[in-house]
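What follows is a short report on a single structure.
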Amino acid sequence: MIEVSQLRVAFGADETQTIAVDDVSFTIPEATVYGLVGESGCGKTTILRCLCGLNRQWSGTIRVNGKPVGPLRDLAFYRMAQMVFQDPYGSLHPRHTVNTILSEPLLVHGIPDIGARVSRVLAQVGLGESFRFRYPHQLSGGQRQRVAIARALILEPRILFLDEPTSALDVSVQAEVLNLIRDIQVEQGLTCVLVSHDLAVVANLCNRLAVMNQGKLVEELSVADLMSGRARSGYTQRLIAASAGYDRALVSLDSD
Amino acid sequence: MTSNSPILTVEDLRVGFPTPRGTVEAVRGISFAIGRNKVGIVGESGSGKSMTGRAILKLLPGGATSTVKSMKLGDTDLASLSESEMLGIRGKRISMILQDPKYSLNPVMRVGHQIAEAFRVHHRASRAEAEERALEMLAAVRIRDPRRVFSLYPHEVSGGMGQRIMIAMMLIPEPELIIADEPTSALDVTVRLQVLAILDDLVTTRGIGLMFISHDLNLVSSFCDEVLIMYAGRIVERCPAAELHQAKHPYTRGLLASLPRLEDGHKRLRVLERDPSWRDEPIPAEA
Amino acid sequence: MTVQSFERDATFRSWLLAEAPESGFQAWSQSCYLAWLRLAANPLAVIGLVVLLALGLVALLAPWIATHSPFEQVLAERLQRPSAAHWLGTDELGRDVFSRIVYGARTTLYIVGLVAVIVGPIGLCIGTTAGYLGGWVEALLMRITDIFLSFPSLILALAFVSALGPSLDNAIIAIALSSWPGIARLARAETLTIRSSDYVDAVRVMGASTPRIIFRHVMPMCLPSVVVRVTLSMASVALTAAGLGFLGLGAQPPTPEWGAMLSTARQYLLEHWYLAAMPGLAILIVSLAFNLFGDGLRDMLNPRS
């Protein structure tokens, strides 16, 4: 469904140029969840932004649904691919009610029957009608993220980009949102690209993942391999060990 | 003071905030003790864990009120100290490490000077002496080239190094207790473990008590010696970190069950069902 | 009050405070009500608002409030001291000062209102477009803004009015020309922060067009700051208008205008201080009211929640 080939993103010019994404290639089959994992600055979010059309300065090839796409996307693309952002407190317009936020994509694409669709998608994410006319500051973090997911789903896309969807949420709320994402993905056969720094979340939702470090794709592996520790790269092994929690014996203090 | 007596004891701490709808109690009567060990306080947002740390240092936001039956640092009664007396406690006997060094370090001062200043505030020392001490502390937090880092500005250091600098700054006056409020939440996973290891070593060798406030149950249970779980302003569970999986309170068990784990794969996560009785039902006294 | 009206008030209030609004209108009314409560918590701002409302009422009901016609000259009664017949005395042409001040409120309100209505939208549009689009558009618009900003406002107004001839409408245009750059700068600064926020990214990912993003998503966030700024600048607009009037370049005689009244009262300052003091006091009170209200507006529209 998504093919990325030799993607390269560089910011700045000449001496001060930083290469955020360095020659990355991967393929994502339809109806699977693909994880992009790494620490901050590794380029995973940059790749996601290139895929969804927010970042327009890249070189290489991106093919979505068999067709190559350029930096500028058309409405048909946006109908097919939507994004859920990380920060539930920042991704909803502070002065729009939930109803306005959810109606906006439909208005942009000229889709009729707005009222019914909004009701349907609210029910889909587990929020009742009572939430329809509230403002974002009246909602909790988990509720806001559900609205963000609803907004992504209302256009009935086939691809969903998720940028750390639960990292800003409380632990107890995270479980609900992860379950919701899994249910919707299975039910609608969505192709998802999930960016996360949390290997446990990736193991929970994804089928395959790519490990990134400083712009380079370190390795690609299946979640089964991840779980059984069959990672080939030392960096991946370090990430897996780090996600298990603190163990003084395992930390070597090579100073900074 | 023997090495077994607690460094900090708190009894029945309450913190309240005025709101248009009446006073909201963020902390509703908690009691605990910290000795020369690492005590973790875990809770979600709104549980009152950060307010606890600030209440001990009397650094609550304006308008907030706190009452406590007794609060002692060693032999000193913290509750009865005035603001000017608290100045001799903050930084000198109790230090606080905050979450993001981007915001807690002065952006227009070189980091070395900030550490030296932390020393001179509490000890009479010349500038040269304070700078020497600062360089020593930078080496103690395992920074390879202390002299070079000394003259850097906060925006020139990475997150992990910034947090080490924060630790150096907080440890230089040789406090008895450190309150760390989400000290590694803003750091990458691999850097996090290094910073914790440094903190671990320093706290153990110097016999400093550590109060580690976090939302990360996994991290706290693997790093600390004892874990206190807070919910709605009260401590609902306290146990040694190693026995956390045998926790008794349904909130703790629910939290543990709802965490995704690498080894569980695509398992559907058990959603925590909040029971309203958890807010007010009596909690068994500490074991 | 009857029991019925108590109940009516109670249900209205509970409608305003209901947790789950049932329509967009209810949600909007609720946020307006809460904004009003925030304003009402600031006594100085309320005083400012009351004074401004009083100004509006006085302007509206001028024919009924004024005791005499503001234009009627009775030369036999010129330069009279305040008395029962003329509450604030008469000016050098025998016109009743009180009535001229009352009718002057209309002129002031006309000037201030028209300038606000011109300057606000223009500054907002230019600022948000420049801030959002960036690149050469921003450079061009901001340089134009800089050019207008570098003229001292009174000099620009003078130049404009002397080119086109002194009249009230030309004075208004002149003042507007010198006021809009500040608003545009402010709107651009706010837009720079807003355009990198997640909710704008989210709307871009929906496929929304740039005009739609600017109008429906960026401008509503800039609006509070711009409204506060416009309100606060109304104070200086009133003063600039008075200044122009003082120089004879604003409202032309016999139109009553506080600044013009101040100007002609200069000659009689020593013996008839009230001729200058009264319009001066009126200008002071209105400026102060705009400032106080503008301050309160800031807290009202940008809650620190």
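So the values come out like this:
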{"read-out": "Rounded to the nearest 20 debye, dipole of the protein assembly as shown from Cβ charges on Lys, Arg, Asp, Glu", "value": "620"}
{"read-out": "In order through segment A:113-127: 3J(HN,Hα) via Karplus (6.51 cos²θ - 1.76 cosθ + 1.60), integer Hz, x for Gly, Pro", "value": "6, 5, x, 5, 5, 4, 4, 5, 6, 4, 5, 4, 9, x, 10"}
{"read-out": "Given charges at beta-carbon only (K, R positive; D, E negative), |dipole| of chain B in Debye", "value": "360"}
{"read-out": "Gyration tensor (alpha-carbon) shape descriptor, chain C, a/c threshold 1.5", "value": "oblate"}
{"read-out": "CD proxy at 222 nm, helix term only [per DSSP H run n ≥ 4: -39500 (n - 2.57); per residue of the protein assembly as shown; nearest 500]", "value": "-15000 deg cm²/dmol"}
{"read-out": "For segment B:179-268: rounded, prolate or oblate by the Cα gyration tensor [a/c cutoff 1.5]", "value": "oblate"}
{"read-out": "Protein accessible surface hidden between C and A, which excludes ligands and nucleic acids, total in Å², probe 1.4 Å", "value": "2500"}
{"read-out": "Average partner coverage of A:87-95, which counts Cβ from other chains inside 10 Å", "value": "5"}
{"read-out": "Per-peptide average of other Cβ atoms within 10 Å, ordering C:124-133, C:186-195, A:229-238 highest first", "value": "C:124-133, C:186-195, A:229-238"}
{"read-out": "Tensor-based shape of the protein assembly as shown (alpha-carbon gyration tensor, a/c under 1.5 rounded, otherwise prolate or oblate)", "value": "prolate"}
{"read-out": "Accessible area buried at the B-A interface, both sides summed, 1.4 Å probe (Å², nearest 100)", "value": "3500"}
{"read-out": "Relative packing of peptides B:32-38, B:239-245 - highest average C-beta neighbours within 10 Å first", "value": "B:32-38, B:239-245"}
{"read-out": "Apportionment of accessible area to carbon and sulfur, chain C, percent (1.4 Å)", "value": "69"}
{"read-out": "If the convex hull is drawn through the Cα atoms of segment A:130-256, its volume per residue in Å³", "value": "160"}
{"read-out": "Which of B:Gly254, B:Ser47, B:Cys239, positive extreme of dipole for chain B (C-beta unit charges)", "value": "B:Ser47"}
{"read-out": "Sequence-distant aspartates and glutamates (8 or more away, or on other chains) whose Cα lies within less than 19 Å of B:Lys92", "value": "B:Asp75, B:Asp77, B:Glu83, B:Glu117, B:Glu129, B:Glu131, B:Glu132, B:Glu136, B:Glu174, B:Glu176, B:Asp181"}
{"read-out": "For segment A:201-256, convex hull volume per residue from C-alpha positions, Å³", "value": "104"}
{"read-out": "Inter-chain Cβ neighbour average for residues A:166-176, partner chain, 10 Å", "value": "6"}
{"read-out": "R0 of 35 Å, Cβ-Cβ distance A:Ala249-B:Arg253: FRET efficiency to nearest 0.05", "value": "0.75"}
{"read-out": "Cross-link reach list, lysines versus B:Lys49, counting only Cα pairs under 19 Å and skipping chain neighbours closer than eight places", "value": "B:Lys38, B:Lys58, B:Lys69, B:Lys72"}
{"read-out": "Rule-of-thumb Rg ratio for segment A:25-111 [Cα; 2.2 N^0.38 Å; N residues]", "value": "1.25"}
{"read-out": "Projected label distance in nm at C:Ala10 and B:His123, using a 7 Å step from Cα toward the beta-carbon", "value": "6.8"}
{"read-out": "Among A:Pro136, A:Leu107, A:Ala168 the positive-end extreme of the charge dipole of segment A:94-211 (Cβ point charges)", "value": "A:Leu107"}
{"read-out": "Inter-chain Cβ neighbour average for residues A:197-203, partner chain, 10 Å", "value": "4"}
{"read-out": "Where labels lie 7 Å past Cα in the beta-carbon direction, separation of C:Val50 and C:Leu79 in nm", "value": "3.9"}
{"read-out": "Under 14 Å, Cβ to Cβ, from A:Arg56 - net charge with Lys/Arg +1 and Asp/Glu -1", "value": "+2"}
{"read-out": "Percent of beta bridges antiparallel (DSSP, the protein assembly as shown, rounded to nearest 5)", "value": "55"}
{"read-out": "Computed E for A:His137/B:Leu60 - FRET, C-beta separation, R0 25 angstrom, nearest 0.05", "value": "0.60"}
{"read-out": "Carbon and sulfur %, accessible surface of segment A:1-81 computed with the full protein complex present, 1.4 Å", "value": "48"}
{"read-out": "Cα centroid of segment A:167-193 to Cα centroid of segment B:110-173, whole Å", "value": "44"}
{"read-out": "Å² of accessible area per residue within segment A:109-237, as computed with a 1.4 Å probe and no ligands counted", "value": "34"}
{"read-out": "Set of lysines near A:Lys44 by C-alpha distance (under 29 Å), chain-local residues within fewer than 8 positions excluded", "value": "A:Lys67, A:Lys216, B:Lys102, B:Lys267"}
{"read-out": "FRET E, pair C:Ala18, A:Arg232, Förster distance 51 Å, beta-carbon r, rounded to 0.05", "value": "0.30"}
{"read-out": "Segment C:175-305 - percent relative contact order, Cα under 8 Å, separation 6 or more", "value": "24"}
{"read-out": "For segment A:1-50 versus segment C:178-217, the gap between their alpha-carbon centres in whole angstrom", "value": "28"}
{"read-out": "Gyration tensor (Cα) of chain A, equivalent ellipsoid semi-axes in angstrom", "value": "31, 23, 17"}
{"read-out": "Most positive-pole-ward Cα, C:Gly123, C:Pro211, C:Val226, against dipole of chain C from beta carbon charges", "value": "C:Pro211"}
{"read-out": "Estimated dipole of chain A in Debye, rounded to 20 [Cβ of Lys and Arg +1, of Asp and Glu -1, Cα centre]", "value": "680"}
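The values are calculated or read from the model by the stated rules, or taken from the named source; none is laboratory data. Quick caveat: nothing in here was measured; it's all calculated off a predicted structure. We place every Cβ from the backbone using ideal geometry, glycine too, and count neighbours over all the protein chains shown. SASA here: full protein model, heavy atoms, side chains in, ligands and nucleic acids out. Shrake-Rupley method; radii C 1.70, N 1.55, O 1.52, S 1.80 Å.
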